[in-house]
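Participant: Dumping the structure here so I can ask a few things about it.
The values are calculated or read from the model by the stated rules, or taken from the named source; none is laboratory data. Just so you know, these numbers come straight off a predicted model, no measurement behind them. So basically every Cβ, Gly included, is an ideal-geometry build from the backbone, and we count neighbours across all protein chains shown. The accessibility values were calculated without ligands, DNA or RNA, using every heavy atom of the protein model including side chains. Shrake-Rupley method; radii C 1.70, N 1.55, O 1.52, S 1.80 Å.
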4 protein chains.
Amino acid sequence: MQEPDFTLSAGPTMSSLRVQQAQGRPMIFDYDPVFQERFRETERLVGELFRTDKDVVLMQGEAVLGIEAAARGVVRPGMKCLNLVSGVYAKWFGDWLRSYEAEVVELEVPYDEALDPAAVGAELERHADFELVALVHSETPSGIENPLAGIAPLAKRAGALVFADVVSAVGGTDVRTDDWGVDICVGGPQKCLAGPPGMSLVVVGDEAWAAIETNPNAPRGSFLSLLDWRETWIEGGRVKFPYTPSVSDVNGVHAAVEECLEEGLDSVIARHAVAASACREGVKAMGLELWPRSNDYAANCVTAIRCPEGVEVKSTLSHIRERYGVMLSGGYGELAERLFRIGHMGPAARSLFPHVAVSALGRGLLDLGVDLDVGAGADATLQVLSDSRETVAA
Amino acid sequence: MQEPDFTLSAGPTMSSLRVQQAQGRPMIFDYDPVFQERFRETERLVGELFRTDKDVVLMQGEAVLGIEAAARGVVRPGMKCLNLVSGVYAKWFGDWLRSYEAEVVELEVPYDEALDPAAVGAELERHADFELVALVHSETPSGIENPLAGIAPLAKRAGALVFADVVSAVGGTDVRTDDWGVDICVGGPQKCLAGPPGMSLVVVGDEAWAAIETNPNAPRGSFLSLLDWRETWIEGGRVKFPYTPSVSDVNGVHAAVEECLEEGLDSVIARHAVAASACREGVKAMGLELWPRSNDYAANCVTAIRCPEGVEVKSTLSHIRERYGVMLSGGYGELAERLFRIGHMGPAARSLFPHVAVSALGRGLLDLGVDLDVGAGADATLQVLSDSRETVAA
Amino acid sequence: MQEPDFTLSAGPTMSSLRVQQAQGRPMIFDYDPVFQERFRETERLVGELFRTDKDVVLMQGEAVLGIEAAARGVVRPGMKCLNLVSGVYAKWFGDWLRSYEAEVVELEVPYDEALDPAAVGAELERHADFELVALVHSETPSGIENPLAGIAPLAKRAGALVFADVVSAVGGTDVRTDDWGVDICVGGPQKCLAGPPGMSLVVVGDEAWAAIETNPNAPRGSFLSLLDWRETWIEGGRVKFPYTPSVSDVNGVHAAVEECLEEGLDSVIARHAVAASACREGVKAMGLELWPRSNDYAANCVTAIRCPEGVEVKSTLSHIRERYGVMLSGGYGELAERLFRIGHMGPAARSLFPHVAVSALGRGLLDLGVDLDVGAGADATLQVLSDSRETVAA
Amino acid sequence: MQEPDFTLSAGPTMSSLRVQQAQGRPMIFDYDPVFQERFRETERLVGELFRTDKDVVLMQGEAVLGIEAAARGVVRPGMKCLNLVSGVYAKWFGDWLRSYEAEVVELEVPYDEALDPAAVGAELERHADFELVALVHSETPSGIENPLAGIAPLAKRAGALVFADVVSAVGGTDVRTDDWGVDICVGGPQKCLAGPPGMSLVVVGDEAWAAIETNPNAPRGSFLSLLDWRETWIEGGRVKFPYTPSVSDVNGVHAAVEECLEEGLDSVIARHAVAASACREGVKAMGLELWPRSNDYAANCVTAIRCPEGVEVKSTLSHIRERYGVMLSGGYGELAERLFRIGHMGPAARSLFPHVAVSALGRGLLDLGVDLDVGAGADATLQVLSDSRETVAA
């Protein structure tokens, strides 16, 4: 079997030529001056991407590592945490909090809805003593985007540390770390940045560092340790790594973030929004049903579609992949068998890629007996792209 | 401006990853034993592709160079030639023949039709003393495929040398050099093979060599000389080049031909036929008119579509390129302003690429005010791909 | 500053074209069938490389992660461990064992010597109740290779689990996991395999799995968890990842290991041995002193050289890098300022790369006032390569 | 057999990563606006490289094509030409001139010497009616550099067109087309520019164009036609190609020239001079004899060394290639069996590459029984590099 002609999945997603060429550069020594400067520059670019002056820590390992490192770092036994849940990832985060012996309060909404700032505000008032508020900005497993801009300042004002999983948000929707008062957050390069999945982009502010320092359980002398990075790399003048970075992934992330900032973050975000809208309109016009109950909180990175009656997610995806060379995603976790997901991230949020994804899904389902109007879907997708003016192929 | 998201033009066309990686290998010396063996192997693979035991000469320069070299080689002043014309390239070939002072008879059909073997047979009988019969297998400028299988044997039987331009045929439709009695032919790597445009794939049989040897005007000591290649390279035991080959283009052609043969030439041809059919059905269903008067001779490599009233070819192509990132072709030569052309060659004859091309053309024209049913086009294109069974994404 | 012309460091080291091209492939989804099959095939190839039938677990993160994961997995509080120390890495491993509350006995030799199987045997007899024996096969920081073949069977026979760090051994010297009775070991792709530094190659046998399962402190639900990989990936039929692998690094490791096995593991090892010998002879002939007291245990991967009086390691390395474009390594950990290290791993153990390294070090020191005979070094290095017959540029 | 570890030949020579990545970009349509702009920009960069305001014509085909095109263009029957000969290429050029029925006077020096401006001046006075003076700036086959700066102005002042082959000069030594009065000249991208061998960089001034226009034999409607490029491309506003350029080679030449100009042409030339000097000193110190009788005219691109008694060029080169993975060159044309040639062009004129070449040649000859002091050669080579200050690894 050949590699897919189109990777339009929920990530890792198709990369740009620039990222590919960066990843394919000859390997160099991590103590080479050129590599060290590139690492430092990547930190600066990531800071710009997150619109933050806080410390950027580039840990090796997909974003789950960064989230685990951050959570183990700040959360000490007995810490009172508000975990805001609108999807699979936030739910799992709660399990972690409990396993670290935090005292966890959970505010949960159905997974096809987003968090409501007003409800969060009410919960913050009810307790008044939360030390940490955690949320997922963009729930990749279900394509739901939570209003981080509305919630983070409330939590901050209430005196809590704000912990945000922005893995699939950053580079595709607005993430204003400092303006919104986020203390610690983790982005992933393999989603909207369309880079490699081997790195965690962690932002840590002073209050988060203070929490980590005073946490007896914070990892030390461990691959999961933010403190190791602070002591060896940051405080040592950024010339010595606690652990060897993955050279090609650093090259790839550097290229991905630089490319994003050169295009202009606002343009990039606008392009993701158009691609998402095109997918949603196409999918609905064909006769399928979106997972998010409202476009207001449908994510920019991924469009989640309810699997129609009479077909299975997994075999449909296989059919589409084998028959048309297009790789889409199913649901994830407990939603695995209920959803299809189209990724429109990075280069896949350009040109006619959303149209390819919608068409592949529609025609694949039609092949399997689902009654759909694929042509109407094509018309609707293309209409959004046509209306969008200049943004999809600049 | 960024590079296009989709290159679905009449060639040079989008290359496969394997070809790109071959082209990007470190440069090596042309006398390096590895390069020399790769060059010899490329000759063998090209022979297999052309289904021939004749000599293969890999000249540097896009296929026009090979055609000029072959024509200057075999055509001497006063040689009686039958030039078969169904398009722009064959017409230009006649000009060349006349400039070499050949005695030229031309049999011409309208450019939206193909040559008819019966008519060619009649012409061969009428004269009975043609020394050379020349034709273009696949007219890239208008997407017309001539029945080389039907014509070449007639010409051969009539005692003429058979000269075939198979530039955009080879790798996309059946080319049986030896079975059909073709004496000298030239293929291009940048069309259905989706390789680089820097090389001419020339096949020369014994009778063609004999004609060249006895032609006082055949180039000697010239970049256009087939004889230089024969004397220095072939007769010298294939260890010494008369001219330095383009290392990366040899790498690219080697990869492209090997990839084609590994997939299986018959499968590759079937895939091109499906892609061409999908484009034709899509374009017609949208409401556009094909250039070829019959599907019987519509080419496998390129689909030519008449430009509807009220729009210009050039500005429409620019709109589609700028707005959607898709690069299509217009007409060529005297047909430049009358046609759109969609290339479906190499990897562009896989997966949903034909659908992308049809949609881009349709939506682009709709944007400019042409009344079209893009959704119907999408349905028709996808229907052909769906019906094709296993061929488009194997 | 440009990237170095030569990376002849202690790793990450220069990669082959094949590895670079693998790393630079377009990113694909980790659930793509092609990626999943490549992942499984990488596991099989790594098993072959380690000459083992035990489970191979490919964890994301440089080898330190794998070592931490393995150690946290098997070591429970109170476990009686024999830590064999001949260098920096083994010393640090002892710190880890103690931090996991093991009961640690250490057998240490000077860092310029190797472990002695007889002494280990005596220690094993003295205690008779060790549950784990740990050692580093090849101490990259000092270029010392320990006799794993002699020690592991003794430890195994004594009833202990054998834990081996083979990070810089595998692919450059013989590692016979199953023959020698190693229960759990970790290799690194960025040393002799000359792949990317983003993955840990972990081999886990049944007895090691048993220890992990019964260890209440073994990581679970963590990026450091071997059990997560076992439950989700291995026991789930190798179709579902607990964490997203780094796609490009998997591609790179696949290419690196496949290339090594295609060349032939024995040939590869022989080539590393020749390169190491060439470096040692060259360095000595110039008038420098090797760090290992005997060639018997000088490593195949890295040659460590004592820094002569009157110069500093760091500034010498900078001079060589800036002046000649060659990147070498200094010492590491407590040896940082005492040693130079030349890496001769992967492609750097081919051709004249050892000669480049020796010459760069010699000429660089000469520039800084050290009295050396660089020409004599060149003669000696080249003599070894000349005597080696067929192995360095096959 | 693997590809060579080091390509240090007379060209095509080792390319930089940037050139490789440019060559490996996805193929695009030659009418794509991005490609057309890149083509135009390449012309501008080449003009800068040649320090000229004349027209730049980028023809497809290795430099021999450009020379043939230029010669056929300007030389008409009966034209009185002075052909200046100090090597194989100039000699062959005379054969071409005669085959075009020019009236040729030849001024020849031994091939291990350079042309003397005074002698040329005397010859120009003796005849006073030369219409064309032709010379080779740098004779790659023998590593001789002629004083184009001294000769061209004399010829220009004498009223002749000045025709210069600067194939292996440009990018490695000073070429001041306009200052020196060169009317038409041809450079090659595969020598000091270390680009691909598939393109001719032709510079044509007004007087040369005038000569071509009035030459009835100048190629027209031919792949060899400069006039076709002028009429279709230049006069058509640089939007339409007469022949399809080799996309990847244009990308490669663009990258190579841009990289050269970014480093700074003077620095690049200085680097080539140092590398050449290092090779010469190394080779002499080993006990070998240079071909050029004086360093004053030894070329910057290639060092030619006399083959010592008792060994054959060809088998020595094979031994070095097979045994050490290093590809050097022999002589060329009638000098084939008398010389070794080391290329130090592009990246091969950086870092320790000259040292690798000298060592490989020396050790290879020593293996075959030639009595040489390789260590002394290494010392001498490195001494030059050490003395050169900043130029070899900037």
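Participant: Taking the DSSP beta bridges in chain C as the whole, what percent of them are antiparallel, to the nearest 5?
Facilitator: Roughly 50 percent of the DSSP beta bridges within chain C come out antiparallel.
Participant: Hey, if we sort C:H127, A:H137 by accessible area with the 1.4 Å probe, largest down, what's the order?
Facilitator: Heavy-atom accessible area, descending, gives C:H127, A:H137.
Participant: Same structure, new question: With r defined as the distance between the Cβ atoms of B:A336 and B:R157 and R0 fixed at 41 Å, what FRET efficiency is calculated, to the nearest 0.05?
Facilitator: The formula returns an efficiency of 0.60 here.
Participant: Also: Scan around C:M27 for amide H atoms under 5 Å from its own, H built in the peptide plane at 1.01 Å from N, and keep only partners 5 or more places away or cross-chain.
Facilitator: Hits under the 5 Å cutoff: A:S15.
Participant: What are the residues of the range A:235-250 that lose 50 Å² or more of accessible area, with a 1.4 Å probe, going from their chain alone to all protein chains?
Facilitator: A:T244
Participant: Here's another thing I want to ask about it. Go ahead and run the numbers for FRET between B:R220 and A:R44, Cβ-Cβ distance against an R0 of 41 Å, rounding to 0.05.
Facilitator: 0.05
Participant: Compute the distance in nm between two label points, each set 7 Å from the Cα along the Cα-to-Cβ direction, one at A:V239 and one at B:A118.
Facilitator: Here the modelled spin labels are 8.9 nm apart.
Participant: Within the range A:266-281, whose backbone N sits under 20 Å from a point 7 Å along Cα→Cβ of A:S294?
Facilitator: Backbone N within reach: A:273-274, A:276-278, A:280-281.
Participant: Also: Specify the angular offset, from 0 to 90 degrees and rounded to the nearest 10, of the alpha carbon long axis of helix B:33-49 from the longest principal axis of the alpha carbons in chain B.
Facilitator: Roughly 70 degrees, rounded to the nearest 10.
Participant: Can you give me the relative contact order of the range A:256-311 as a percent, contacts being Cα pairs under 8 Å and 6 or more apart?
Facilitator: About 31 percent, as a whole number.
Participant: Here's a follow-up. Give me the accessible area of B:Y332, 1.4 Å probe, in Å² rounded to the nearest 10.
Facilitator: Near enough 60 Å² of accessible area.
Participant: Then there is this: I need to check one value: relative contact order of the range B:260-394, counting alpha carbon pairs closer than 8 Å and at least 6 residues apart, in percent.
Facilitator: 35
Participant: What 222 nm value per residue comes from the helices of chain C, counting each DSSP H run with n ≥ 4 as -39,500 (n - 2.57) and dividing by all residues, nearest 500 deg cm²/dmol?
Facilitator: Calculated mean residue ellipticity at 222 nm is -13000 deg cm²/dmol.
Participant: With a probe of 1.4 Å, find how much accessible area chain A has per residue, and write the answer as a whole number in Å².
Facilitator: Per residue, chain A has an accessible area of 30 Å².
Participant: For the range C:1-16, state which residues have at least 40 Å² less accessible area in the presence of all protein chains than in their chain by itself, taking the probe as 1.4 Å and leaving out ligands, DNA and RNA.
Facilitator: C:M1, C:Q2, C:E3, C:D5, C:F6, C:P12
Participant: I would also like to ask the following. Could you work out the mean count of beta carbons from other protein chains within 10 Å of each residue's beta carbon in B:155-165?
Facilitator: Going residue by residue through B:155-165 and averaging, the value is 0.
Participant: If you don't mind, another one. Roughly how many Å² of A:K156 are accessible to a 1.4 Å probe, to the nearest 10?
Facilitator: Accessible area of A:K156: about 60 Å².
Participant: At D:S267, label 7 Å along Cα→Cβ: distances to the other copies, nm, ascending?
Facilitator: Spacings between copies for this position, smallest first, are 3.0, 4.1, 5.1 nm.
Participant: Carbon and sulfur together cover what percent of the accessible area of the range D:39-138 at a 1.4 Å probe radius?
Facilitator: 48
Participant: Please give the residues from the range D:202-227 for which the solvent-accessible area of heavy atoms, probe 1.4 Å, is smaller by at least 10 Å² with all protein chains in place than with the chain isolated.
Facilitator: D:G221, D:S222, D:F223, D:L224
Participant: Pairs of alpha-carbon atoms within less than 8 angstrom and 6+ residues apart define the contacts here; what relative contact order does chain B have, in percent?
Facilitator: Value for chain B: 23 percent.
Participant: Considering only protein heavy atoms and a probe of 1.4 Å, how much of the accessible area of the range A:165-301 is carbon and sulfur, as a whole percent?
Facilitator: The C+S portion of the solvent-accessible surface of the range A:165-301 is 42 percent.
Participant: Have a look at D:S99, D:Q20, D:M59 and report the one farthest towards the positive end of the charge dipole of chain D, computed about the Cα centre with Cβ charges (Lys/Arg +1, Asp/Glu -1).
Facilitator: Towards the positive end, the residue furthest out is D:Q20.
Participant: Now a separate question. Inside 10 Å of the C-beta atoms of B:342-351, what's the mean count of C-beta atoms belonging to other chains?
Facilitator: 2
Participant: Separate question: For a 23 Å ceiling on Cα separation, which of these pairs sit above it: B:K191/D:K191; A:K80/A:K156; B:K91/D:K240; B:K314/D:K54; B:K91/B:K191?
Facilitator: Beyond 23 Å: B:K191/D:K191; B:K314/D:K54.
Participant: To continue, here is another question. What does the structure give for B:313-323 when I average, per residue, the other chain Cβ atoms found within 10 Å of the residue Cβ?
Facilitator: That average works out to 2.
Participant: Also, quick follow-up: For the interface of chains C and D, what total accessible area is buried with a 1.4 Å probe, rounded to the nearest 100 Å²?
Facilitator: That pair hides around 2800 Å² of surface in total.
Participant: Largest first and in whole Å, what are the equivalent-ellipsoid semi-axes of the range C:44-192 based on the Cα gyration tensor, each being the root of 5 times an eigenvalue?
Facilitator: In descending order, the three semi-axes are 21, 17, 16 Å.
Participant: Quick one: 3J(HN,Hα) in Hz for the range C:275-292, Karplus 6.51/-1.76/1.60 with θ = phi - 60°, rounded, Gly and Pro as x.
Facilitator: Ordered by residue, 3J(HN,Hα) equals 4, 5, 5, 4, 4, 4, 5, x, 5, 5, 5, 6, x, 9, 10, 6, 6, x Hz.
Participant: Pop a pseudo-label 7 angstrom from the Cα along the beta-carbon direction at both D:A210 and C:E125 and give the gap in nm to one decimal.
Facilitator: Distance between label points: 10.3 nm.
Participant: Rounded to the nearest 5, what % of the DSSP beta bridges within the range C:283-394 are antiparallel ones?
Facilitator: 100
Participant: Turning to a different aspect of this structure: Give me the angle, in degrees from 0 to 90, between the Cα long axis of helix C:353-367 and the longest principal axis of the Cα atoms of chain C, rounded to the nearest 10.
Facilitator: In chain C, helix C:353-367 runs at an angle near 50 degrees to the longest axis.
Participant: Just to check I understand the Karplus step: with θ = phi - 60° and J = 6.51 cos²θ - 1.76 cosθ + 1.60, what whole-Hz values come out for the range A:311-317, glycine and proline as x?
Facilitator: Karplus-based 3J(HN,Hα) across the range A:311-317 equals 10, 9, 4, 5, 6, 5, 4 Hz.
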